[in-house]
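The values are calculated or read from the model by the stated rules, or taken from the named source; none is laboratory data. Here the structure is a predicted model, which is why all the values come from computation and not from measurement. Here Cβ is always computed from backbone atoms with ideal geometry, including for glycine, and neighbour counts include all displayed protein chains.
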């Protein structure tokens with residue numbers, strides 16, 4: 001045989017032999033392991049007897065193979081586990097009904113559970129102990145803006161419908177008495193209605209301050225018609241930020257919806273040590289917060305709680321009268337030639353039905369007496385959403401930052417030594433919710449408010 005042909009024959013035999021060998025399966029990892037929405041740490045205590053364990057893997061798994069490697073041991077199961085798969089079977093959720101005051105071990109073995117034969121590098125094993133008396137007193141917080149933290153409550157006003165919100169604890173859990181939760185932060189999204197992002201921004205801030213175990217974080221989602229499904233509230237345009245009623249067959253004011261959430265937080269049977277409510281919002285959420293500070297019924301109904309309202313980078317502000325600030329002189333004046341500049345939400349003309357029982361004097365007294373903090377970013381970055389064309393907007397100031405400064409200056413001039421408002425400057429940050437809530441200035445403010 002010629003040398004060249006001999007070499008080719010050897011290569012063909014070698015390649016043929018390799019094709020018959022088994023290719024080693026790739027490694028499989030667990031990206032996250034959570035219990036009822038919070039990270040499942042080994043040795044977790046006070047686990048509810050109705051428990052949901054979710055594992056997200058780095059690749060698709062084979063359900064039958066997984067179920068052969070999965071086990072719950074250590075105590076009785078009051079019902080057969082229910083397993084569901086999502087994300088193209090890369091996520092498995094196991095619903096469990098457990099006994100009280102019992103230590104269980106959750107385990108996934110090292111067998112080939114991947115769809116293509118992938119194996120875990122080592123077995124997954126977590127032990128946890130259930131509640132002693134059926135009452136939840138503490139849980140790890142739910143920290144990710146995922147379905148694990150997404151909750152729904154049915155509210156009745158003019159009809160009944162559902163409101164969705166993200167929360168770091170299951171606030172409507174009837175078998176709970178939260179002994180560590182001393183305060184609540186309610187953050188309101190902006191015009192993009194991205195409640196998940198704002199939940200993440202504030203959760204990062206709470207974790208940076210090490211207070212996520214003491215503060216319940218809530219981010220309501222005021223959906224529009226295209227986002228809502230049957231049976232959910234939804235709001236047209238920017239109505240939600242002004243306290244107006246939801247559209248559709250079932251209706252409730254966005255302010256009343258937050259009142260209902262606060263009613264739950266004020267229930268001493270479930271939140272016996274909670275003393276403080278902080279409501280905050282950025283941009284359009286800032287306008288919601290500014291208006292809600294004086295409008296809400298919660299502060300009236302729950303005088304045992306303290307309320308603070310943190311208004312971040314709103315471009316619109318409520319003024320108690322028709323005067324505005326002249327930026328050139330720093331003095332108050334009454335504008336002319338701008339019809340409707342004092343209509344709600346910039347003034348108390350043509351207010352929404354939620355405010356039907358409140359007269360202007362009462363509203364203004366509440367406004368001046370409320371503890372409001374203006375969180376103002378003085379950065380000079382682009383601000384494409386700033387209204388610079390309508391006279392009612394330009395009367396408020398030349399920039400978003402300046403409008404906040406003008407609002408505070410108005411209070412200093414109109415209510416010297418009387419108003420309870422203050423301002424905090426975030427240096428170098430513009431119209432950026434993530435940066436504002438991630439700033440050292442916000443961290444310092446939170447520490448001050450939560451002390």
Qualifying residue in the range 273-288 (condition: assigned by TED's automatic domain parsing to the domain that holds residue 367, surrounded by 19 or more Cβ atoms within 10 Å (Cβ to Cβ), more than 26 Å from residue 441 (Cβ to Cβ) and in contact (Cβ under 8 Å) with a residue 12 or more places away in the chain): no
Among the residues listed as 112, 145, the single one being in contact (Cβ under 8 Å) with a residue 40 or more places away in the chain and within 15 Å of residue 167 (Cα to Cα): 145
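Check whether at least one residue in the range 302-309 is closer than 18 Å to residue 392 by Cα and assigned to a strand (DSSP E or B), and report yes or no.
Narrowing the range 302-309 to residues closer than 18 Å to residue 392 by Cα: none.
No: the range 302-309 contains no residue that is closer than 18 Å to residue 392 by Cα and assigned to a strand (DSSP E or B).
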Scope the range 234-247; condition out of contact with any helix residue (DSSP H, G or I) (no Cβ under 8 Å at 6 or more places or on another chain) and surrounded by fewer than 18 Cβ atoms within 10 Å (Cβ to Cβ); matching residues: 236, 237
Residue match in the range 422-438 (condition: in the same structural domain as residue 279 (by TED's automatic domain parsing) and at positive phi): yes
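Here are some residues: 258, 211, 229, 216. Which one is under 19 Å from residue 297 (Cα atoms) and either at pLDDT 95 or above or not in a strand (DSSP E or B) (or both)?
Values: 211 fails: under 19 Å from residue 297 (Cα atoms); 229 fails: under 19 Å from residue 297 (Cα atoms); 216 fails: under 19 Å from residue 297 (Cα atoms).
Sole residue among the options that is under 19 Å from residue 297 (Cα atoms) and either at pLDDT 95 or above or not in a strand (DSSP E or B) (or both): 258.
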Of residues in the range 149-171 being in a loop (DSSP other than H, G, I, E, B) and in contact with a strand residue (DSSP E or B) (Cβ under 6 Å, 6 or more places away or on another chain), the one nearest to residue 211 (Cα to Cα): 168
